[in-house]
Each structure stands twice: as structure tokens, then as C-alpha cells.
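Working notes, beginning with the structure itself.
Every read-out reported here was derived from the displayed coordinates using simple, explicitly stated rules and does not represent laboratory data. Quantities reported herein were computed from a predicted structural model and do not represent experimental measurements. Methodologically, a virtual Cβ is constructed for each residue, glycine included, from the backbone with ideal geometry; neighbour enumeration extends over all protein chains shown.
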Amino acid sequence: MAVIRDWTSVRPKVREGCRICGQPAEGAHIIGRIHDKPTGPNRKKLWVNPVHICPLCREHHTAYDVNGLDLLPYLNLHEQAEAVRLVGTVRAYRRMTGGGDIEQASEGTDQAGDGAPGGF
């Protein structure tokens, strides 16, 4: 079964351009596509929450996907807080700063006040 994502709510945000360089952008998932919400008949469509997305040009999106970009300085507080809500402080920090995919983050240390630096 093919997955269909509904990007309608994200389009206005992406039209603003890349947060880093201002070039035309595409939607980059800050944490991961796994957090898109099933909707519609038989839940075959996934809604993409705008707060889970950061507009990035293709070059910066690719760099972020391979953990080669610290995105944290370009995220607003709402986006940062939502990432922490989804996966916890340590996992969110590691993913957003290019420190590794969230699956590589340590388990059991994702509570606030655990010493992880960042603008949360």
C-alpha cells in the first residue's frame, strides 16, 4: 500500500524559503516521518504537522538528513519543544544538532534536566 502524505498545512511555511539561505525550500521533517498522523478513510493518508517541518533547500535538507547540519539555531522554540515532546530531550538534541539519528541516541536519559545543552 502506497503512503500518501497531506502537505497542505505545510505549504505556507515552505513558501518562506530555506531557513538557512533563503533559497526555494522543501519540507524537511525535524524528527522523522514516523510522527505524521493517519487520517481519512481507512487511515491511508498521513497528515504532516507544520510544527514537525523546517523549510530547507535541497542542499541543506540533504545535509540534515545525513547528520551533517546543526539545525537547532534555525528552529523556533515551538519546533524545538515539539521535537522534545516527541522523542525526549537527548534524542531531540542529538538529531537537531547533527549528532546522530534518533535511533542512535542513548535510551533512558531523555528527561528535562539531564544536562543536555541546547535552547529548549
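Per-structure values
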item	result
Gain in span if fully extended, Arg85 to Ala2, counting 0.36 nm per residue against the direct Cα distance	27.1 nm
Per DSSP, loop trypsin sites (Lys or Arg not before Pro) in the stretch 12-102 with at most 14 further Cβ within 10 Å	Arg15, Lys44
3J(HN,Hα) from dihedral phi, the stretch 40-47, Karplus parametrisation 6.51/-1.76/1.60, rounded to Hz, x for glycine, proline	x, x, 6, 6, 8, 10, 10, 8
Environment charge at Lys45 (Cβ cut-off 15 Å; Lys +1, Arg +1, Asp -1, Glu -1)	+3
Potential lengthening between Ser9 and Arg58 on full extension [0.36 nm per residue; Cα-Cα distance subtracted]	15.6 nm
Residues with amide H under 5 Å from that of Lys45, placed H, sequence gap 5 or more	Thr39
Under Karplus coefficients 6.51, -1.76 and 1.60, residue-wise ³J(HN,Hα) of the stretch 49-64 in Hz, glycine/proline x	6, x, 6, 8, 10, 10, x, 9, 5, 4, 4, 6, 4, 4, 4, 5
16 Å reach of a label modelled at Cys21, 7 Å along Cα-to-Cβ, counting backbone N of the stretch 30-64	55-64
Net length gained if the chain between Val66 and Arg33 were fully extended (0.36 nm per residue, minus Cα distance)	10.4 nm
Qualifying GluC sites (Glu not before Pro) in the stretch 1-59, DSSP loop, other Cβ atoms within 10 Å at most 12	Glu16
Relative counts (whole %) of C-alpha pair distances in the stretch 3-88, using bins that are 10 Å wide	18, 49, 28, 4
Estimated vicinal HN-Hα couplings, Hz - the stretch 76-89 in sequence order (Karplus 6.51, -1.76, 1.60; Gly, Pro = x)	7, 4, 5, 5, 4, 5, 5, 4, 5, 4, 6, 10, x, 4
